[in-house]
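Undergrad: Sharing a structure, written as structure tokens. Questions coming.
The values are calculated or read from the model by the stated rules, or taken from the named source; none is laboratory data. It should be emphasised that the depicted structure is a prediction, and the values quoted were computed from it without experimental measurement. Virtual Cβ from ideal backbone geometry, glycine too; neighbours counted across all protein chains shown. Heavy atoms of the whole protein, side chains included, go into the accessibility calculation; ligands, DNA and RNA do not. Shrake-Rupley method; radii C 1.70, N 1.55, O 1.52, S 1.80 Å.
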Amino acid sequence: MQTVWLTGAEWLAVLRIGLGLWWLESWRHKDKKGWFERGTGIAWAADVAGNHKWPQVKKGFEAVVAPRPKLMAYVVVYAELALGLGLVVGFLTPVALVGGLLLNLLYLVLMIHDWAEQGQNAMMALISLVALLAMSWQTWSLDSAIGLF
């Protein structure tokens, strides 16, 4: 593979790191006090799920998230942080890529009515898939340095 400036593996690492920075920005801009103390994030998601055009989304939300809103707020917020850190430093990269792919697909389904959110989550899911299938942890990663994967 011929590329300009970096090798193909290095460009894949750039893609992986960029995706990690995207997750970190998602975590950084969240109002954590609102999510953890006032429940704003889960309340917003409850409203979206309650008005969703697919009844399965509302049922799934009521079964999984609604009974444990505080726990789920922590799961969402800290999953985004863990994904970002894992991808930037390349630690447990395949796990982070699969986790991010699943979270983006979940967000994509939840936000089916919002084109801006759909575009962001579709692009992040696509990057996750490419980075996973191209094994982007082979360069510039802790996984590579310590011989994981």
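Undergrad: Over the chain, calculate the relative contact order: mean separation of alpha carbon pairs under 8 Å at least 6 apart, over the residue count, as a percent.
TA: Working: 154 pairs, mean separation 47.6, N = 149.
Dividing the mean separation by the residue count of the chain yields 32 percent.
Undergrad: Which order do H52, H113 take by accessible area at a 1.4 Å probe, largest first?
TA: On the way: H52 25, H113 120 Å².
Most to least solvent-accessible, the answer reads H113, H52.
Undergrad: Another question, if that's okay. How much of the accessible area of the chain, probe 1.4 Å, is carbon plus sulfur, in whole percent?
TA: Values: 6050 of 8640 Å².
Looking at the chain in its full context, I get 70 percent from C and S.
Undergrad: Can you give me the distance in nm between label points at E37 and L21, each placed 7 Å from the Cα along the Cα-to-Cβ direction?
TA: 3.2 nm
Undergrad: Here's a follow-up. If the chain between V98 and A63 were fully stretched, how many nm would it gain, using 0.36 nm times the residue separation less the Cα-Cα distance? Present the calculation step by step, with values, prior to reporting the outcome.
TA: Values: separation 35, 0.36 × 35 = 12.60 nm, distance 2.32 nm.
Gain on stretching V98 to A63: 10.3 nm.
Undergrad: Just to verify a number: what accessible area does R28 come out at with the full protein assembly present, 1.4 Å probe, Å² rounded to tens?
TA: Taking all protein chains as shown, R28 has close to 140 Å².
Undergrad: Same structure, new question: Please give the per residue volume of the convex hull enclosing the alpha carbon atoms of the range 29-105, rounded to a whole number of Å³. Walk me through the numbers before you get to the answer.
TA: Values: hull volume 7.5 nm³, N = 77.
Expressed per residue, the convex hull around the Cα atoms of the range 29-105 is 98 Å³.
Undergrad: Residues of the range 1-147: accessible area per residue at 1.4 Å, in Å²? Could you put the intermediate results ahead of the total?
TA: Working: 8450 Å² over 147 residues.
On a per-residue basis, the range 1-147 sits at 57 Å².
Undergrad: Related question: In the range 1-145, with Lys and Arg counted as +1 and Asp and Glu as -1 at Cβ, which of these residues, M1, M111, G84, has the Cα nearest the positive end of the dipole, that is, farthest along it?
TA: Of the options given, the answer is M111.
Undergrad: Where does each of K58, K32, K70 land when they are ordered by accessible area, with a 1.4 Å probe and the largest first?
TA: Details: K58 85, K32 50, K70 115 Å².
The most accessible residue leads, giving K70, K58, K32.
Undergrad: To continue, here is another question. Determine the gain in length on full extension of the stretch I112-V14; use 0.36 nm per residue of separation and subtract their C-alpha separation, reporting nm with one decimal. Intermediate results must be reported in sequence, preceding the final value.
TA: Values: separation 98, 0.36 × 98 = 35.28 nm, distance 2.91 nm.
Gain on stretching I112 to V14: 32.4 nm.
Undergrad: With Rg and the Kirkwood Rh both taken from Cα atoms, where does Rg over Rh land for the range 7-61?
TA: Values: Rg = 17.0 Å, Rh = 13.8 Å.
So for the range 7-61, dividing Rg by the Kirkwood Rh gives 1.23.
Undergrad: Another one. Could you check the simple spin-label distance between I146 and D47, using points 7 Å along Cα→Cβ, in nm with one decimal?
TA: Result: 4.2 nm between the two label points.
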